[in-house]
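Inspection log for the structure reproduced underneath, given as structure tokens.
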Amino acid sequence: MISISVKIKKLIMIVAIFMAVMPSVIVFSPPKAQAHCCSQYYQCVQCISQSRARVASEWSKTIQQVNQFTTDEFIAHREWIVAILWEDNILPALMMMADQFSAVAMQQTQAIGSFFDAKHQLETQRVLQTVRARAHKDYHPSAGICEFGTSVRSLAASERKSELNAHVMSQRSQDRQLGNANVAAASGPDADYNNRLEQYKEKFCDPKDNNAGLDLLCKHAGGLGAAKNERKNKDIDFARTVEYPWTLNIDFTDSNLTAEEEEVMALASNLYGHDVFQRISPPDKLKTGSESEKGAQSVYLDSRAFLAKRSVAENSFNAITSMKSAGTKGSRDFLEAILKELGVKDTGAAPNDILRMLGMDEANNEIGPSYYAQMEVLTKKIYQNPDFYTNLYDKPANVDRKRVAMQAIGLMQKFDLFKSYLRNEANLSVLLELAVVDLQNEIENELSSQPQN
């Protein structure tokens, strides 16, 4: 409405200017007589002046009248749309249409009501039959789901046992490096070398090494070299000692020293801390006092810092080894059955092939599969059996149960990966610390060399 008023105002202004200019056009038309020229010119000028004064005085009144007229017309148009077009014509038509639709809908409802009754009756019967059939299916678990339940037996106990073995291995390495009492390296490197050398001669020495030139070195009171060929060089062979077996007969909760325990500890001694620290003797040098005693204290603290960094790396070895330490026997028979289904047969050798694959001792029935062996079956071997996939053609409830069991096993495996990532992160942190230690020492030396104010 505002834009229309502006346009009307512009139109009125144009008309007023036109009316003001027209007399001047008329004035400059050719005169009929020369004598009346001055009289006509005076009249024209007077007319123009009067027109301008009249336009100026009537302009506001004209604008008011035009605005009032336009407003009245729009109000009349609005009343016509609401009262005549909508209320008198469209609204009654819509109301009658709604009444007709309601009547037709009621008529159709009456027609199909009987069909609804029959439909509900048949659906109720079908639901009852479906529930009955589903109950028969869902409450009959298959043998496939039982394989997960039996294979996971004693898994938590085996994991906890492996954590304890890792702690014992870490403590044993720390005692050896620090020269704790009642250990072979208590008095220093010489005693440690002699003890390890005697162990090497009797348990791990192969006279054929060094171009068959180790006869003198491997000779001991009991003979020449290792008594068992399968133990030769196992103190340096990580693949045969740790990597290949699924289960190691390692249990530091008892007082019995097994061959696997001896081999793993010998391998750890060669990998971490081959040279132990010299023992500070006499112990009085560690007392506070003279400069030499303070120097001995500094050396001892440096050695402890070195051992702390080394223990981070050795922790990965202890974790891997302990995961393969013997667990409880709760799932031993069931894992043997799974391997039999995979086609592993007993060739008559001792121990038999199945127990050799699981890494267990046939003569000792108390030894159970390790945490690593159980996870190897649960996360890999069990899916290599074709029967696992044919058994998926089963009741939907049993398939869902298997899916949940697989998700639970996957979570355990991811948590093992998470712990491995944490160990890797710790190793990287120590490597970074070792990379910047020289720079740190330079900065500390520069700061200490600055004059004190």
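Within the option set A319, A296, being under 27 Å from N180 (Cα atoms), modelled with pLDDT under 85 and either surrounded by 15 or more Cβ atoms within 10 Å (Cβ to Cβ) or not assigned by TED's automatic domain parsing to the domain that holds Q177 (or both) holds for one residue only, A296. Out of E147, E230, E243, one residue alone is at pLDDT 85 or above and within 30 Å of I409 (Cα to Cα). It is E243. Step by step: first the residues of segment 185-222, then only those that are among the charged types (D, E, K, R) and surrounded by 15 or more Cβ atoms within 10 Å (Cβ to Cβ), then the one that is farthest from T241 (Cα to Cα). Which residue is that? For segment 185-222, the residue satisfying everything is D192.
Farther than 30 Å from G327 by Cβ and either without any contact (Cβ under 8 Å) to a residue 40 or more places away in the chain or not hydrophobic (A, V, I, L, M, F, W, C) (or both) - does that describe any residue in segment 140-152? Yes, because at least one residue in segment 140-152 is farther than 30 Å from G327 by Cβ and either without any contact (Cβ under 8 Å) to a residue 40 or more places away in the chain or not hydrophobic (A, V, I, L, M, F, W, C) (or both).
Checking each residue in segment 168-191 for being in a helix (DSSP H, G or I) and more than 20 Å from D302 (Cβ to Cβ) picks out V168, M169, S170, Q171, R172, D190, A191.
Out of the residues in segment 223-273 that are part of a strand (DSSP E or B) and either touching a strand residue (DSSP E or B) at 6+ places or on another chain (Cβ under 7 Å) or small (G, A, S) (or both), which is surrounded by the most Cβ atoms within 10 Å (Cβ to Cβ)?
Residues of segment 223-273 that are part of a strand (DSSP E or B), as a first pass: 223-224, 248.
Now drop any that are not either touching a strand residue (DSSP E or B) at 6+ places or on another chain (Cβ under 7 Å) or small (G, A, S) (or both), which leaves 223, 248.
On the way: G223: 11, L248: 27.
So the residue we want is L248.
Checking each residue in segment 376-405 for being assigned to a helix (DSSP H, G or I), of a type outside the set (S, T, Y), closer than 20 Å to I338 by Cα and in contact (Cβ under 8 Å) with a residue 24 or more places away in the chain picks out E376, V377, L378, K381, I382, Q384, D387, F388, N398, R401, K402, A405. For T150, all conditions in the list (1) in contact with a helix residue (DSSP H, G or I) (Cβ under 6 Å, 6 or more places away or on another chain); (2) assigned by TED's automatic domain parsing to the domain that holds I236 hold save one; what is the number of the exception? Status for T150: all satisfied but (2). Taken over segment 135-155, residues that are loosely packed, with under 14 Cβ neighbours inside 10 Å, more than 16 Å from R403 (Cα to Cα) and not aromatic (F, W, Y) amount to 4.
The values are calculated or read from the model by the stated rules, or taken from the named source; none is laboratory data. Keep in mind that this is a model prediction, so the values were computed, not measured. Note that we place each Cβ from the backbone using ideal geometry, even for glycine, and neighbour counts take in every protein chain shown.
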